[in-house]
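The values are calculated or read from the model by the stated rules, or taken from the named source; none is laboratory data. Keep in mind it's a predicted model, so treat the numbers as computed, not measured. Neighbour counts run over all protein chains shown; Cβ positions are idealised from the backbone, glycine included. The area values use the complete protein model at the heavy-atom level, side chains included, leaving out ligands, DNA and RNA. Shrake-Rupley method; radii C 1.70, N 1.55, O 1.52, S 1.80 Å.
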Amino acid sequence: MRADRPLFLPLAIMVVSAILAALLLVSAFVTWLAEIFGSLKIPCLIVGVFMAVIATIVYAVTLKSYFRQIGEELRVVYSVSRIIRGWIDWVTALIGANANDEKEEGDYS
């Protein structure tokens, strides 16, 4: 394989083909079930529940730990921002106190 060949377009075509294949598989499955049950509503409900179960399993296995890690990182960022806010308030109070002291020392009226 040549090194100067583009990689993005073949990957994009592969992803689109995989999505289309999955859609065709699901529609063929629904059509087959519709012939068995004699109605289109029941197979759509069965396939929809099946897809919801698969999505829940994928969430529980992979994405839940990922979102937990993001939540932990956000808690760390929040605690650091609170510490920095405390420092900023302390410096502001210190500067404000020094400014008031200088004003009182120079105010002879």
Output the 0 to 90 degree angle, nearest 10, between the alpha-carbon long axis of helix 41-58 and the longest principal axis computed from the alpha carbons of the chain. 40 degrees
If the label point is 7 Å along Cα→Cβ of Ala22, which residues in the range 59-79 have backbone nitrogen under 14 Å from it? 59
Most fluctuating residue of Ala55, Ala28, Ala18 in a GNM of the chain with Cα springs under 10 Å: which is it? Ala18
Across Ala21, Ala60, Ala52, the residue with the highest GNM fluctuation in the chain (Cα network, 10 Å cutoff) is Ala21
Radius of gyration and maximum dimension Dmax of the chain, Cα, Å: 31.3, 100
Calculated FRET efficiency for the pair Ala12/Val80, C-beta based, R₀ 35 Å, to 0.05: 0.30
Just grab the label-to-label distance for Ile70 and Ile36, each label 7 Å out from Cα along the Cβ direction, in nm (one decimal). 3.7 nm
Of all accessible heavy-atom area on the chain, the percent that carbon and sulfur account for (1.4 Å): 72 percent
